[in-house]
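Comments concern the structure below.
The values are calculated or read from the model by the stated rules, or taken from the named source; none is laboratory data. Keep in mind that this is a model prediction, so the values were computed, not measured. Quick reminder, even Gly has a Cβ in these numbers, built from the backbone with ideal geometry, and neighbours come from all protein chains shown. Remember, those area values only see protein heavy atoms, side chains included, never the ligands or the DNA or RNA. Shrake-Rupley method; radii C 1.70, N 1.55, O 1.52, S 1.80 Å.
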Amino acid sequence: MTFYLLGTGAAVSDPHRTTTMFVVEEAERLILVDCGGDALQRMLAVGLDPSKLDAVILTHEHPDHISGYPLLIEKLWLFGRRRPIPVYGPAQTLDVARTLFQAFSTDRWDGLPDRIHNPVALEPDSDVLKTEHLTITASQVDHPVPTIGLRFENSAGEVLAYSCDTAKSPAVVELGRNADVLIHEATGSIAHVHSSPEEAAETAAEAGAKRLILVHLPPALAEDDLADARKNFEQTEYGEELGSYGIG
Ligand SMILES: [Zn+2]
Ligand SMILES: [Zn+2]
């Protein structure tokens with residue numbers, strides 16, 4: 001399994017970071033998680049072929065996660081995409097995405113691919129998507145709107161987990177159980193909204209994860225914050241903008 005951090009910033013971040021979104025690649029299938037910016041441009045920037053995009057997962061309705069959705073669909077269409085685009089996410093998130101897209105007049109976009117919406121339940125360990133090589137499950141995390149964290153497990157047993165936007169949450173401990181990599185947000189601690197690097201590191205330690213990558217990063221990151229997080233979990237690092245990471 002390989003993943004590409006298309007963006008690693010919070011809604012407000014350093015100038016070189018865009019909003020947090022990433023692509024998971026497994027057996028030549030590409031799955032995009034969130035599109036709060038120009039996801040397709042970022043896919044090109046990391047050398048991915050957008051025509052291979054198989055599915056989009058929208059984790060929640062906040063603009064820094066889905067405001068680029070109409071742009072993504074337009075660009076895929078202009079790139080020649082005609083086959084339908086499967087889109088997964090909480091029902092409320094999909095409703096917002098649909099409303100966003102419908103704000104634009106697309107009557108004359110010949111061949112515009114259908115968007116196939118697949119609501120994800122908010123119960124723990126809900127099914128998102130299962131292919132021959134990859135199983136994706138979701139659980140609701142602790143954020144002000146319905147929001148899902150994710151767990152990707154391939155047939156070789158490699159596991160990638162993603163907290164999404166959340167305060168420190170036991171749901172993420174379960175999603176990240178024995179994960180090879182946990183991608184966790186580190187915006188700064190706000191009750192029932194966001195987590196600090198230190199809290200993300202506590203979660204990684206409780207989950208028994210092997211490596212922690214911090215994303216959704218605010219401006220002016222302090223090395224002190226990373227040092228504090230490493231007291232809880234040694235294998236902690238800041239996500240690299242446009243970085244690619246192999247598991248296994
Ligand atoms: Zn959010
Ligand atoms: Zn966010």
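Worth pointing out:
- Flag for GLY111 being at positive phi, of a type outside the set (Phe, Trp, Tyr) and not in a strand (DSSP E or B): yes
- Of all the residues in the range 170-213, those that are touching a residue at least 40 places away in the same chain (Cβ under 8 Å) and aliphatic (A, V, I, L, M) number 8.
- Residues of the range 93-117 satisfying the condition of being loosely packed, with under 15 Cβ neighbours inside 10 Å and polar (S, T, N, Q): THR99, GLN102, SER105, THR106
- Checklist (1) surrounded by 22 or more Cβ atoms within 10 Å (Cβ to Cβ); (2) modelled with pLDDT under 95; (3) of a type outside the set (Lys, Arg) applied to LEU160, failing item: (2)
- Where ALA220 falls short, out of the listed (1) outside any helix (DSSP H, G or I); (2) within 16 Å of ligand 2 (Cβ to nearest atom); (3) small (Gly, Ala, Ser): (2)
- Within the range 118-150, if we keep just the residues that are among the β-branched types (Val, Ile, Thr) and under 27 Å from PRO70 (Cβ atoms), the residue that is surrounded by the most Cβ atoms within 10 Å (Cβ to Cβ) turns out to be ILE148.
- Among the residues of the range 166-179, those that are open to solvent by 40 Å² or more (accessible area, probe 1.4 Å) and either in a strand (DSSP E or B) or not polar (S, T, N, Q) (or both) comprise LYS168, PRO170, GLU174, ARG177.
- Index of the failed condition, LEU53 passing every other in (1) under 27 Å from THR137 (Cβ atoms); (2) more than 16 Å from ligand 2 (Cβ to nearest atom); (3) out of contact with any helix residue (DSSP H, G or I) (no Cβ under 9 Å at 6 or more places or on another chain): (3)
- Answer residue from the range 148-170, given it is out of contact with any His (no Cβ under 9 Å at 6 or more places or on another chain) and charged (D, E, K, R) and is nearest to ligand 1 (Cβ to nearest atom) among those: LYS168
- For the range 18-60, a residue qualifies if it is of a type outside the set (Ser, Thr, Tyr) and within 16 Å of ligand 1 (Cβ to nearest atom), and the qualifying residues are MET21, PHE22, VAL33, ASP34, CYS35, GLY36, GLY37, ILE57, LEU58, HIS60.
- Counting residues in the range 192-205 that are away from ligand 2 (no atom under 16 Å from the Cβ) and either in a loop (DSSP other than H, G, I, E, B) or of a type in the set (Lys, Arg) (or both) gives zero.
- Checklist (1) of a type in the set (Asp, Glu); (2) in a strand (DSSP E or B); (3) open to solvent by less than 40 Å² (accessible area, probe 1.4 Å) applied to GLU153, failing item: (3)
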